[in-house]
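Just so it is clear, none of the values below were taken in a lab; they were calculated from the coordinates. As the structure is a prediction and not an experimental result, all values here were calculated from the model. All Cβ positions, even for glycine, are placed from backbone atoms using ideal geometry, and neighbour counts span all protein chains on display.
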């Protein structure tokens, strides 16, 4: 279980860095900024699909939906922004 959480954290951290780079890119599309704002709003909002008062299940939706939403946004990046992020990460 701990190994899976470590792997998930590594993936989310890498995706979050790539999203942060894409947001700061001069050619970042407006939909990317809106999508990121909606993800942040969902993350910090008291309204969830599954309430957080349920001990384990309440946090699982945040642990699953937020990384999926970030990955969904990153897959829709314009190619030149995605390539610039990959070059930055590699070098």
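Being under 29 Å from residue 80 (Cα atoms) and surrounded by fewer than 12 Cβ atoms within 10 Å (Cβ to Cβ) is the filter here, so list the residues in the stretch 21-62 that pass it.
Residues satisfying the conditions are 24, 26, 27, 30, 31, 34, 37, 40, 41.
If only one of 73, 54, 41 is over 16 Å from residue 12 (Cα atoms) and assigned to a helix (DSSP H, G or I), which one is it?
The conditions single out 41.
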